[in-house]
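**Student:** This is the structure, below, for whatever I ask next.
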Amino acid sequence: MPARPELPERTPRGEGVPTALDGLLVVDFTRVVAGPACTQTLADFGAEVIKIENPDGGDDTRHYEHAEIGGESAAYLSLNRNKRGIALDFNNPAALDVARELIAKADVVVENFSGGVMRKFGLDYASVAPTNPRLIYCSISAYGRKGDFALRPGFDPITQAESGFMSLNGFPDSEPVRTGPPIVDMATGMSACNAILLALIARDRIGRGQQVEVALIDTAVAMTGFYGMAYLINGNNPGRFGNSPNGSPTVGIYRASDGPLYMACANDRLYRRLVTEVLERPDLVTDPEFAHRKARTANKEKLRAIIAGVFASDTLENWMAKMKRANIPVGYLRTVEEGFNAPEVRDRDRLSKIPHPTAGAVPNIESPVNMSLTPTIDPVAAPLLGQHTRDVLSKTLGYDDQRIAALAEAGAFGKAAGASQAG
């Protein structure tokens, strides 16, 4: 078994430094990827995020198989940092009363259940907005909350396939390929976070909250980007280009004598610099077949073979040094292990370890958002299932011990959890 990578302790943030979302209460009904990714960003920047889970197993990602530590999965830990976790059984009327009281105090609710679930329990926007008109209520789904497909379940790779996004990934002579990481889920989570922050700004201006919605299918369509726009302009169905977008021969993977690199010389200026200063082949500028971008694209296979032959004549490090001196966009083609141990990542303090109640410590990947005056809070590992139930009910809702014990006795926290939550 490979050794676990060594990670440094995280450097604490400065004493008394403010957070961007201090005082914001978020009630989080989400699970799996898109919703938890959204609420984790809010939590990272100081919002109090209360994650509500089913006591019977909790968030589906708790049971994903990628890796586990201290009884918790890599997927769950990666998406639920800085949240407080409580367990409520929605089939229990007493538990629904708790959920409604939390929503009544919340600034934001985020949910990504299948269509109709929140309405079934009386927790949908129409049901809860009258008691909290300043509430921002964000719904995340595969196909939206209205229309013929509102009740249809869907996941990241399904929307990658159905939107046309997947058709752009892979090589021309092979099947379309989904992205490895769930990119549509992650981007939908980012969009949901943006929508919530926009609604909070609007609330300050107009004095009331609103319902906001994001859907995976909408995100996937938007992420076709200029390929989708080009189709709308010229009617040509775009295809797959592998590692060379638009078939550009000077964008993609090349191999030195001892390893691969990825190069991106997408314009005439960079191309001239590449062939004259790095490859030392000025004839590749003067030759009419390669003099301009359109000509190079028309003769891409011929040009690519020439460039590949030159790269194969020397070592990777020699080429990297020459290309960096010439300011050519180039990078090493790394594995995850190589990338996570590269200076570009390590020098930016992206990785650390943080305390965890059952594992002792767990890895932490920093938020990619950096703010000078209101940085992220010191990270706290994702909660155990129901870990903060008693704390939330006591401190956030003001319940006394007797009421918490009665809820536990009634099964509001689930059958197995009742005794422990009451104690």
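**Student:** Checking the condition more than 20 Å from Leu79 (Cα to Cα), touching a residue at least 24 places away in the same chain (Cβ under 8 Å) and not in a helix (DSSP H, G or I), which residue from Gly398, Gly386, Gly414 passes? Walk me through it before giving the result.
**Tutor:** On the way: Gly398 fails: touching a residue at least 24 places away in the same chain (Cβ under 8 Å); Gly386 fails: more than 20 Å from Leu79 (Cα to Cα).
Criteria check complete, one pass: Gly414.
**Student:** If you scan the stretch 335-367, which residues turn out to be open to solvent by 70 Å² or more (accessible area, probe 1.4 Å), at pLDDT below 95 and assigned to a loop (DSSP other than H, G, I, E, B)?
**Tutor:** Within the stretch 335-367, Thr335, Asn341, Asp347, Arg348, Asp349 qualify.
**Student:** For the stretch 210-217, check the following and say yes or no: at least one residue is over 23 Å from the mean Cα position of the chain (by Cα), open to solvent by 20 Å² or more (accessible area, probe 1.4 Å) and within 30 Å of Ser313 (Cα to Cα).
**Tutor:** The initial filter retains those residues of the stretch 210-217 that are over 23 Å from the mean Cα position of the chain (by Cα), namely 210.
The next check asks that each one be open to solvent by 20 Å² or more (accessible area, probe 1.4 Å); those that pass are 210.
Filter once more, so that each one left must be within 30 Å of Ser313 (Cα to Cα): none.
No, the stretch 210-217 has no match at all.
**Student:** What is the one condition in (1) charged (D, E, K, R); (2) out of contact with any helix residue (DSSP H, G or I) (no Cβ under 8 Å at 6 or more places or on another chain); (3) closer than 30 Å to Val27 by Cβ that Arg390 does not satisfy?
**Tutor:** (2)
**Student:** Also, I was wondering about something else. Identify, from the list Arg100, Arg84, the residue that is farther than 14 Å from Glu48 by Cβ, surrounded by fewer than 22 Cβ atoms within 10 Å (Cβ to Cβ) and of a type in the set (Lys, Arg).
**Tutor:** Details: Arg84 fails: farther than 14 Å from Glu48 by Cβ.
Residue meeting the stated conditions: Arg100.
**Student:** Quick check on the stretch 221-236. Is at least one of its residues in a loop (DSSP other than H, G, I, E, B) and farther than 30 Å from Gly35 by Cβ?
**Tutor:** Of the residues in the stretch 221-236, the ones in a loop (DSSP other than H, G, I, E, B) are 223-224, 235-236.
When the remaining residues are screened for being farther than 30 Å from Gly35 by Cβ, the result is 235-236.
For the stretch 221-236, residues in a loop (DSSP other than H, G, I, E, B) and farther than 30 Å from Gly35 by Cβ: present.
**Student:** Please find, among Ile103, Ile52, the residue that is more than 23 Å from Pro375 (Cα to Cα) and in a strand (DSSP E or B).
**Tutor:** Numbers: Ile103 fails: in a strand (DSSP E or B).
Only one candidate qualifies: Ile52.
**Student:** Moving on to the next point. With Thr389, Thr396, Thr374 as the choices, which residue is over 16 Å from Ala95 (Cβ atoms), at pLDDT 95 or above, polar (S, T, N, Q) and surrounded by 14 or more Cβ atoms within 10 Å (Cβ to Cβ)?
**Tutor:** Values: Thr389 fails: over 16 Å from Ala95 (Cβ atoms); Thr396 fails: over 16 Å from Ala95 (Cβ atoms).
Only one candidate passes the filter, namely Thr374.
**Student:** List pairs: first in the stretch 322-339 and without any contact (Cβ under 8 Å) to a residue 24 or more places away in the chain, second of a type in the set (S, T, N, Q) and part of a helix (DSSP H, G or I), Cβ under 7 Å, 6+ apart or cross-chain?
**Tutor:** none
**Student:** Quick check, is Val49 open to solvent by less than 10 Å² (accessible area, probe 1.4 Å), within 24 Å of the chain's Cα centre (by Cα) and without any contact (Cβ under 8 Å) to a residue 40 or more places away in the chain? I'd like the intermediate steps shown before the answer.
**Tutor:** Numbers: open to solvent by less than 10 Å² (accessible area, probe 1.4 Å): yes; within 24 Å of the chain's Cα centre (by Cα): yes; without any contact (Cβ under 8 Å) to a residue 40 or more places away in the chain: yes.
Spelling it out, Val49 is indeed open to solvent by less than 10 Å² (accessible area, probe 1.4 Å), within 24 Å of the chain's Cα centre (by Cα) and without any contact (Cβ under 8 Å) to a residue 40 or more places away in the chain.
**Student:** Could you please let me know if Asp60 is open to solvent by 20 Å² or more (accessible area, probe 1.4 Å) and farther than 26 Å from Asp185 by Cα?
**Tutor:** Values: open to solvent by 20 Å² or more (accessible area, probe 1.4 Å): yes; farther than 26 Å from Asp185 by Cα: no.
Taking the combined requirement at face value, the residue does not satisfy it.
**Student:** Here's something else I'd like to know. Name every residue in the stretch 257-272 that is open to solvent by 10 Å² or more (accessible area, probe 1.4 Å) and within 23 Å of Gly339 (Cβ to Cβ), in order of residue number.
**Tutor:** Ser257, Asp258, Gly259, Pro260, Tyr262, Ala264, Ala266
**Student:** Starting from the stretch 107-126, take each residue that is within 16 Å of Ala150 (Cα to Cα) and part of a helix (DSSP H, G or I) and list its partners that are modelled with pLDDT of 95 or more and open to solvent by less than 30 Å² (accessible area, probe 1.4 Å), counting only C-beta distances under 7 angstrom and pairs at least six apart or across chains.
**Tutor:** Note: pairs meeting the criteria are Met118/Glu111; Met118/Asp124; Tyr125/Tyr137.
**Student:** Name every residue in the stretch 119-153 that is open to solvent by less than 50 Å² (accessible area, probe 1.4 Å), of a type in the set (A, V, I, L, M) and more than 24 Å from the chain's Cα centre (by Cα), in order of residue number. Outline the logic, then answer.
**Tutor:** Narrowing the stretch 119-153 to residues open to solvent by less than 50 Å² (accessible area, probe 1.4 Å): 121-125, 128-129, 132, 135-144, 150.
Filter again for of a type in the set (A, V, I, L, M), leaving 123, 128-129, 135-136, 140, 142, 150.
Matches in the stretch 119-153: Leu123, Val128, Ala129, Leu135.
**Student:** Let me ask another. Identify the single condition in (1) crowded, with 19+ Cβ neighbours inside 10 Å; (2) in contact with a strand residue (DSSP E or B) (Cβ under 6 Å, 6 or more places away or on another chain); (3) among the aliphatic types (A, V, I, L, M) that Ala37 does not satisfy, given that it satisfies every other one.
**Tutor:** Unmet for Ala37, out of (1) crowded, with 19+ Cβ neighbours inside 10 Å; (2) in contact with a strand residue (DSSP E or B) (Cβ under 6 Å, 6 or more places away or on another chain); (3) among the aliphatic types (A, V, I, L, M): (2).
**Student:** Here's a check for you: in the stretch 160-207, which residue that is part of a loop (DSSP other than H, G, I, E, B) and of a type in the set (Asp, Glu) is surrounded by the most Cβ atoms within 10 Å (Cβ to Cβ)? It would help to see each step written out before you state the result.
**Tutor:** First, the residues of the stretch 160-207 that are part of a loop (DSSP other than H, G, I, E, B): 164-165, 169-182, 207.
Next, only the ones that are of a type in the set (Asp, Glu) stay: 173, 175.
Numbers: Asp173: 7, Glu175: 10.
So the residue we want is Glu175.
**Student:** If we scan the stretch 229-246, do we find a residue that is in contact with a helix residue (DSSP H, G or I) (Cβ under 8 Å, 6 or more places away or on another chain), charged (D, E, K, R) and closer than 27 Å to Asp185 by Cα?
**Tutor:** Yes - at least one qualifying residue is present in the stretch 229-246.
To keep it simple, each residue is scored yes or no on (1) open to solvent by less than 30 Å² (accessible area, probe 1.4 Å); (2) over 21 Å from Gly71 (Cα atoms).
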| site | (1), (2) |
| --- | --- |
| Glu6 | no, no |
| Gly16 | no, yes |
| Asp22 | no, yes |
| Val27 | yes, yes |
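**Student:** Looking only at residues in the stretch 295-322 that are among the aliphatic types (A, V, I, L, M) and open to solvent by less than 30 Å² (accessible area, probe 1.4 Å), which one is nearest to Pro260 (Cα to Cα)? Spell out how you get there, then give the answer.
**Tutor:** The initial filter retains those residues of the stretch 295-322 that are among the aliphatic types (A, V, I, L, M), namely 295, 298, 303, 305-308, 310, 312, 316, 320-321.
Okay, now just the ones that are also open to solvent by less than 30 Å² (accessible area, probe 1.4 Å), so 295, 303, 307, 310, 316, 320.
Values: Ala295: 26, Leu303: 18, Ile307: 13, Val310: 13, Leu316: 7, Met320: 10 Å.
In this case the residue turns out to be Leu316.
**Student:** Also, I was wondering about something else. Specify the residue that is modelled with the lowest pLDDT; the eligible residues are those in the stretch 244-256 that are of a type in the set (S, T, N, Q) and open to solvent by less than 60 Å² (accessible area, probe 1.4 Å).
**Tutor:** Going residue by residue through the stretch 244-256, those that are of a type in the set (S, T, N, Q) are 244, 246, 248, 250.
Then keep just the ones that are open to solvent by less than 60 Å² (accessible area, probe 1.4 Å); that gives 244, 248, 250.
Values: Ser244: 84, Ser248: 79, Thr250: 90.
The qualifying residue modelled with the lowest pLDDT is Ser248.
The values are calculated or read from the model by the stated rules, or taken from the named source; none is laboratory data. What you are looking at is a predicted structure, and each value in this text was computed from that prediction instead of being measured. Don't worry about glycine lacking a Cβ; one is built from the backbone with ideal geometry, like all the others, and counts go over all protein chains shown. Just so you know, the surface numbers come from the protein's heavy atoms only, side chains and all, with ligands and any DNA or RNA stripped out. Shrake-Rupley method; radii C 1.70, N 1.55, O 1.52, S 1.80 Å.
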